[in-house]
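Everything below concerns the one structure shown next.
The values are calculated or read from the model by the stated rules, or taken from the named source; none is laboratory data. These figures come from a predicted structure and were not determined experimentally. Backbone-built Cβ (ideal geometry, glycine too); neighbour counts: all protein chains shown.
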Amino acid sequence: MSLEPMPLFWLALTLAAYLGSRWLYRRSGRYLLSPLILVPALLLAVAVPLHTAYAEYARNTHWLMAVLGPVTVAFAVPIWQQRALLARHWPALLLGMLAGSCVSIGSSWGLAHLLALDEAVSLSLLPRSITTPFAMPLAHDLGGVPELTAVFVMFTGVLGALFGGTLLRWLPLRTPLARGALFGVGAHGAGVSRAQEVGREEGSVAGLVMVLTGLLNLFAAPLLAALL
Amino acid sequence: MNAVLLKKLTRLICELAVLFALFLFGSQLAAWSGWPIPGGVLGLALLLMLFASGLLKPAMLQAGAGWLMAEMLLFFIPALMSLLDYGSLLRDEGWRILLVIAVSTLLVMVVTAVTVELVCRWSLRHEP
């Protein structure tokens, strides 16, 4: 269905759903009400019965995605503020990020082929472990579909934030560094929020590692593209 | 009260303008140079250099950068709606895709955490 008379309908609904869900989540603290889950669910619940195409939804909302560029620039602030932590622990963090990224890309690729997934889907799955502002350009470089990657990144965040707490109980991790890296490399932004609930140092480590892993993957893109 | 709020808001908008300007400059630089690096990443590198040179202090951009990172979710929600065009893909492959993401995410978390933990313990033992 076309909503020609209301060109800003989807933008208004997106903003309203986001603000409402953020307010609800802050008040209730229930994970199912977090904007990461509730907003896409709500928008889909309205758009699917109306048979709205993505192009129609995106017409007046696509510029929101353009803000991901300045978000990338803003990542310089946590890097700079945590530079002492990085200088002290760079070998452990670098090895952890390298190992995590290799496992992420390798296992996504291997499992996708094992389960005979579509080629475009497999390629879009490769950057799923890094934060969206880095994952979308990386998907583009690798020949995947950036929008699909954003969807996979979201599911990674939702699942990773759920798994993380359980893993912390099972794994004998004594250092806040390891606990933070688990969330930062495994579940990007959603993981960083969880890590901040675990502890202040875990939160800082997770935030730093999330940004650096994104950069690391982006710079590894030409190598990865040559391998594929 | 209102004057304080107005001052805060003006400050936030100025900080956001600086971050947007860095992004635009980074994008221009990427276009001129032909480097295969996104404009945002060049902007990030530029901002790190400004911090290192002392021309800018992180505290000057704290509100703007914090706001962008806190509300990041809003900026990628439109991309999630691409699901609208992939209904049949999800029906055919949805469960398999979720399985890949779940298993791979578990593996990444375990391997990353264990690697960092082992390197930390090793370096603690070998520190003088």
If you go through A:SER28, A:SER104, A:SER108, the only one that is of a type in the set (Ser, Thr, Tyr) and over 29 Å from B:SER88 (Cα atoms) is A:SER28
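Can you work out which of the residues in the stretch A:12-27 that are surrounded by 15 or more Cβ atoms within 10 Å (Cβ to Cβ) and more than 9 Å from chain B (Cβ to nearest Cβ) is nearest to B:PRO78 (Cα to Cα)?
For the stretch A:12-27, the residue satisfying everything is A:LEU13.
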Would you confirm whether any residue within the stretch A:78-86 is buried (at least 20 other Cβ atoms within 10 Å of the Cβ), in the same structural domain as A:PRO176 (by TED's automatic domain parsing) and part of a helix (DSSP H, G or I)?
-> yes
Name the residues in the stretch A:152-163 that are surrounded by 24 or more Cβ atoms within 10 Å (Cβ to Cβ) and not polar (S, T, N, Q), would you?
-> A:PHE152, A:VAL153, A:MET154, A:GLY157, A:GLY160, A:ALA161
If you go through A:GLU147, A:GLU197, the only one that is modelled with pLDDT under 95 and under 30 Å from B:SER88 (Cα atoms) is A:GLU147
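What about A:SER107, is it at the interface with chain B (Cβ under 8 Å from one of its Cβ atoms), closer than 20 Å to A:THR213 by Cα and modelled with pLDDT of 95 or more? Explain how you work it out, then say what you get.
On the way: at the interface with chain B (Cβ under 8 Å from one of its Cβ atoms): yes; closer than 20 Å to A:THR213 by Cα: yes; modelled with pLDDT of 95 or more: yes.
Spelling it out, A:SER107 is indeed at the interface with chain B (Cβ under 8 Å from one of its Cβ atoms), closer than 20 Å to A:THR213 by Cα and modelled with pLDDT of 95 or more.
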Which one is farthest from B:ILE101 (Cα to Cα), of the residues in the stretch A:127-148 that are assigned to a helix (DSSP H, G or I), more than 8 Å from every other protein chain (Cβ to nearest Cβ) and without any contact (Cβ under 8 Å) to a residue 40 or more places away in the chain?
-> A:HIS140
For the stretch A:87-103, what are the residues that are farther than 17 Å from A:ILE130 by Cβ and either more than 7 Å from chain B (Cβ to nearest Cβ) or buried (at least 21 other Cβ atoms within 10 Å of the Cβ) (or both)?
-> A:ALA87, A:ARG88, A:HIS89, A:TRP90, A:ALA92
Would you point out which residue out of B:LEU55, B:LEU90, B:LEU98 is closer than 30 Å to A:VAL67 by Cα and either β-branched (Val, Ile, Thr) or in the same structural domain as B:THR10 (by TED's automatic domain parsing) (or both)?
-> B:LEU55
Exclusive hit being touching a Ser or Thr at 6+ places or on another chain (Cβ under 9 Å) and at pLDDT 90 or above, set A:LEU94, A:LEU42, A:LEU86 = A:LEU42
Return yes when A:THR166 is part of a helix (DSSP H, G or I), more than 7 Å from chain B (Cβ to nearest Cβ) and surrounded by fewer than 24 Cβ atoms within 10 Å (Cβ to Cβ) and no when it is not.
-> yes
Find all pairs meeting these conditions: Cβ atoms under 9 angstrom apart; at least six residues apart or on different chains; first residue within the stretch A:165-194 and in the same structural domain as A:SER101 (by TED's automatic domain parsing) and charged (D, E, K, R); second residue surrounded by fewer than 19 Cβ atoms within 10 Å (Cβ to Cβ) and not in a helix (DSSP H, G or I).
-> A:ARG179/A:LEU171; A:ARG179/A:GLY199
Restricted to the stretch A:108-121, and to residues that are small (Gly, Ala, Ser) and buried (at least 21 other Cβ atoms within 10 Å of the Cβ), which residue is farthest from B:THR105 (Cα to Cα)?
-> A:ALA112
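Being among the aliphatic types (A, V, I, L, M), at the interface with another protein chain (Cβ under 9 Å from one of its Cβ atoms), within 26 Å of B:TRP122 (Cα to Cα) and in a helix (DSSP H, G or I) narrows it down to one of A:VAL211, A:VAL151, so name that one.
From the options A:VAL211, A:VAL151, the qualifying one is A:VAL211.
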Could you please let me know if A:SER124 is among the small types (Gly, Ala, Ser), in a helix (DSSP H, G or I) and facing chain B (nearest Cβ under 8 Å)?
-> no
Would you kindly identify the helices (runs of 4 or more DSSP H) lying entirely within the stretch B:27-121 that contain at least 2 residues that are more than 25 Å from A:HIS140 (Cα to Cα) and within 7 Å of another protein chain (Cβ to nearest Cβ)?
-> B:39-53, B:58-70
Restricting to the stretch A:28-77, what's the tally of residues that are facing chain B (nearest Cβ under 9 Å) and of a type in the set (Lys, Arg)?
-> 0
